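Each value in this text was obtained by applying a stated rule to the coordinates, not by laboratory testing. For clarity, every value in this text was computed on a predicted model and none was experimentally measured. Methodologically, a virtual Cβ is constructed for each residue, glycine included, from the backbone with ideal geometry; neighbour enumeration extends over all protein chains shown.
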């Protein structure tokens, strides 16, 4: 299963469980890429603690929800973005300036668009959350 499907499943499960006001959710399958995305979401307080559970299959994430996600999703096709273009993409995917974040895959790993902009890095847009 490609990373895109895993990521799409992750965002869909997070969003569906947030709208139902659940306290936690289980997402399967896992990947290192999805784990990095969850770390960024946790850093910006969109989710609480998460753990990877080995079920002798594809693995599962157990994620604590904080009722902070209004909308999240993947961005396809994966657009390349230069370090000075984040404002254009922000206005396209986010509801307001400085509300939410774009997830960017850079040469230094997965991070928010604000971090990438501060570090002067371009990258590839993979998702959004607000």
What is the calculated FRET efficiency for residue 60 to residue 80, with r their C-beta to C-beta distance and R₀ = 25 Å, to the nearest 0.05? 0.20
Once residue 49 and residue 9 are pulled to full extension, the length gained, defined as 0.36 nm per residue separation minus their Cα-Cα distance, is 12.5 nm
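Once fully extended, how much extra length lies between residue 119 and residue 32, figured as 0.36 nm per residue of separation less the alpha-carbon to alpha-carbon distance? Walk me through the intermediate numbers first.
On the way: separation 87, 0.36 × 87 = 31.32 nm, distance 2.31 nm.
This chain segment gains 29.0 nm when fully extended.
Largest first and in whole Å, what are the equivalent-ellipsoid semi-axes of the stretch 58-130 based on the Cα gyration tensor, each being the root of 5 times an eigenvalue?
Details: eigenvalues 89, 49, 26 Å².
After diagonalising the Cα gyration tensor, the semi-axes are 21, 16, 11 Å.
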With -39,500 (n - 2.57) per DSSP H segment of 4 or more residues and division by the full residue count of the chain, the 222 nm estimate, nearest 500 deg cm²/dmol, is -10000 deg cm²/dmol
Let me know the Kirkwood hydrodynamic radius for the stretch 3-65, please, with Cα pairs as the basis and the value in Å to one decimal. 11.6 Å
Residues 35, 105, 80 in order from fewest to most other beta-carbon atoms within 10 Å are 80, 35, 105
Specify the angular offset, from 0 to 90 degrees and rounded to the nearest 10, of the alpha carbon long axis of helix 3-19 from the longest principal axis of the alpha carbons in the chain. 70 degrees
